[in-house]
Amino acid sequence: MATIVEVTEEKALEVKNLTFTYAGAPAPSLKKINMPIAKNSVTALIGPSGCGKTTLLRSFNRMHDLYPGHTYEGEIVFEGRNILSPKEDLIKLRTQIGMIFQKPTAFPMSIFDNVAYGLRLQGIKNKTELRDRVEAALKGAAIWKEVGERLKDDANGLSGGQQQRLCIARAIAVEPEVLLFDEPTSALDPISTQGIEELVTELKERVSIIIVTHNMQQAARVSDYTGFMYMGDLIELGRTEDLFVTPTEKLTEEYISGKFG
Amino acid sequence: MTAVEKRKLVSKIVLSLSSLSAALGLFFLFWILYVLVSNGLDALNWNVFAFEGAPPGYEESGLKQALVGQLILVGVASLIGVPLGVLAGTYLSEYGQRSKLAETIRDISDIMMSAPSIVIGAFVYAIVVAPMGHFSGWAGVTALTIMMIPIILRTTDDMLHLVPSTLREAAFALGAPKYKVILQVVYRGAKAGVLTGILLGVARIAGETAPLLFTSFNDNFMNTDLNEPMASLTVTMYNYATSPYEDWQKLGWAAAFILSMFILSINILGRIILLKKKGK
């Protein structure tokens, strides 16, 4: 019954029959989701609170595995392998699929050390290489102009919007294939939000992006594809302009016209 | 009288009662401090630091052995207790979390924290002093360490718990293994709190007499061998203060003053660390 549009581009990820159940929950939070994610494009996930959009997002980098007892069924195919397999190397996976959180998560260390964190984890010790890659990442996240002169300052002294861009710089420094954004602007003011949205659009040249948002205008502005979720089901996945203008499913239409949610 | 007037009257009565109680509490606090400082300063002179204990009536008698003994006892207990407490607290917060084992450890350490310290002294007497056949510095160290671990364990657990879980997730999301997340992100975030917990733990055991009375016992002369009975400021103070000789009683005051200042400065240091953290 779900309407899933054909993705014409190469696929970055493909979700196949994914069912996810939280530890101790009587019913699954994701029910047999099938969803292609197009490469080098932005896919937005929208839907009312509790619909499972963040749960789905956190399955892509196996964030759920930090807490015991949750179960996955089905597959998520990435680079030809099923990343839900118990044999998957989560440390490697998370360097390939990065994540930006709802609230900025600057580590209690300097701006430089924040961005260098993921690089150092990969064993890069060469000072010039670290410097160059930190600079490139900060430029890529459009924050170099603001912090380039004070890389040694504590990252927690930055504003919320700057911290969020710092987190994006930190994530892109390790050159992931996919970036997951979990409501990245819900804690930010309108100007910072605009900055992040512009950044998302620029970044898709280099990475494939999945963004969870409760703001439908944001989904319409930044994404190429939009998935509408409701109570653990993916109701509809379509090209963003089609989904917002001529939705196929009645539920989608009701949601985007503000009848519920 | 209207309802509003009535409420205002009740408010005034409650305010004056609580102010009075606060004043009463502060009055006794400052009285204690006054007596301590005036007697302590009166008894304090260079001899106190320069000489070991001597029979009553000797001019050249001091607290050197007790100062050194106190530093050794508290120092060695901290060397053992701080790493154990911090590591156990780390286990609770980062690995055990809400598991049954972790909750049991939390409950037990809460009980241990409120256990009368003399009971811990008696326990160490039974397991260390009795088998060895004599009092020793190690027995005192054991008692102090047992007292210290639950305090540091619980504060470490609480302080690490205050680090937002999103910060951990962010580090994991960059591909960090768990031990690096703990060492590089969680510890950094909780540094001030954990350090303050350690200092409060040290301050707490530094003021203990009961667990030392029948473990490290006392020694009127200089001893740095932990296998032998060892002097401490607290037990020395107890002995001197309860003696009938005026010069010994004076030394007791000096010990009380030095000990209080030591603990006070540790507490102030803890406050400064926390304030610095907040000021950032």
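The values are calculated or read from the model by the stated rules, or taken from the named source; none is laboratory data. Just so it is clear, the structure is predicted and the values come from calculations on it, not from any experiment. Neighbour counts run over all protein chains shown; Cβ positions are idealised from the backbone, glycine included.
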Residue tally, condition charged (D, E, K, R), within 22 Å of the chain's Cα centre (by Cα) and within 13 Å of another protein chain (Cβ to nearest Cβ), over the stretch A:144-176: 2
Count of the stretch A:85-102 residues which are buried (at least 19 other Cβ atoms within 10 Å of the Cβ) and within 7 Å of another protein chain (Cβ to nearest Cβ): 5
Cross-chain or 6+ apart pairs with Cβ under 8 Å, the stretch B:173-186 first and more than 10 Å from chain A (Cβ to nearest Cβ) and touching a residue at least 12 places away in the same chain (Cβ under 8 Å), then surrounded by fewer than 23 Cβ atoms within 10 Å (Cβ to Cβ) and of a type in the set (S, T, N, Q): B:Ile182/B:Thr90
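With respect to B:Arg204, determine if the residue is within 14 Å of another protein chain (Cβ to nearest Cβ), under 21 Å from B:Gly89 (Cα atoms) and either among the aliphatic types (A, V, I, L, M) or surrounded by fewer than 21 Cβ atoms within 10 Å (Cβ to Cβ) (or both). Walk me through how you get there before you give the answer.
Details: within 14 Å of another protein chain (Cβ to nearest Cβ): no; under 21 Å from B:Gly89 (Cα atoms): yes; either among the aliphatic types (A, V, I, L, M) or surrounded by fewer than 21 Cβ atoms within 10 Å (Cβ to Cβ) (or both): yes.
Considered against the rule, which asks whether it is within 14 Å of another protein chain (Cβ to nearest Cβ), under 21 Å from B:Gly89 (Cα atoms) and either among the aliphatic types (A, V, I, L, M) or surrounded by fewer than 21 Cβ atoms within 10 Å (Cβ to Cβ) (or both), B:Arg204 comes out as no.
Give the residues of the stretch B:242-268 that are more than 22 Å from the chain's Cα centre (by Cα) and surrounded by fewer than 19 Cβ atoms within 10 Å (Cβ to Cβ), sorted by residue number.
In the first step, residues of the stretch B:242-268 are kept if they are more than 22 Å from the chain's Cα centre (by Cα); the result is B:242-251.
If the condition is that a residue be more than 22 Å from the chain's Cα centre (by Cα) and surrounded by fewer than 19 Cβ atoms within 10 Å (Cβ to Cβ), then B:Thr242, B:Ser243, B:Pro244, B:Tyr245, B:Glu246, B:Asp247, B:Gln249 are the ones that fit.
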Condition broken by B:Thr236, with the remaining ones in (1) over 27 Å from B:Val128 (Cβ atoms); (2) part of a helix (DSSP H, G or I); (3) not aromatic (Phe, Trp, Tyr) satisfied: (1)
Sole exception among (1) crowded, with 21+ Cβ neighbours inside 10 Å; (2) part of a loop (DSSP other than H, G, I, E, B) for A:Ile196, by number: (2)
Of the criteria (1) within 30 Å of A:Gln194 (Cβ to Cβ); (2) at pLDDT 95 or above; (3) within 11 Å of chain B (Cβ to nearest Cβ), which one A:Pro108 fails: (2)
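Which one of these is closer than 27 Å to B:Pro164 by Cβ, over 18 Å from the mean Cα position of the chain (by Cα) and away from every other protein chain (no Cβ under 12 Å): A:Tyr67, A:Tyr72?
Step by step, each of A:Tyr67, A:Tyr72 is checked, and only A:Tyr72 is closer than 27 Å to B:Pro164 by Cβ, over 18 Å from the mean Cα position of the chain (by Cα) and away from every other protein chain (no Cβ under 12 Å).
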Odd one out for A:Val222, checked against (1) within 14 Å of chain B (Cβ to nearest Cβ); (2) surrounded by 20 or more Cβ atoms within 10 Å (Cβ to Cβ): (1)
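Tell me which residues, restricted to the stretch A:74-128, are β-branched (Val, Ile, Thr) and in a loop (DSSP other than H, G, I, E, B).
Here is the first cut: in the stretch A:74-128, the ones β-branched (Val, Ile, Thr) are A:76-77, A:83, A:91, A:95, A:97, A:100, A:105, A:111, A:115, A:124, A:128.
Matches in the stretch A:74-128: A:Ile83, A:Thr105, A:Ile124.
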Neighbours by Cβ (under 8 Å, 6+ apart or cross-chain): first from the stretch A:102-118, in contact (Cβ under 8 Å) with a residue 60 or more places away in the chain; second surrounded by 19 or more Cβ atoms within 10 Å (Cβ to Cβ) and part of a loop (DSSP other than H, G, I, E, B): A:Gln102/A:Glu183; A:Gln102/A:Pro184; A:Ala106/A:Leu158
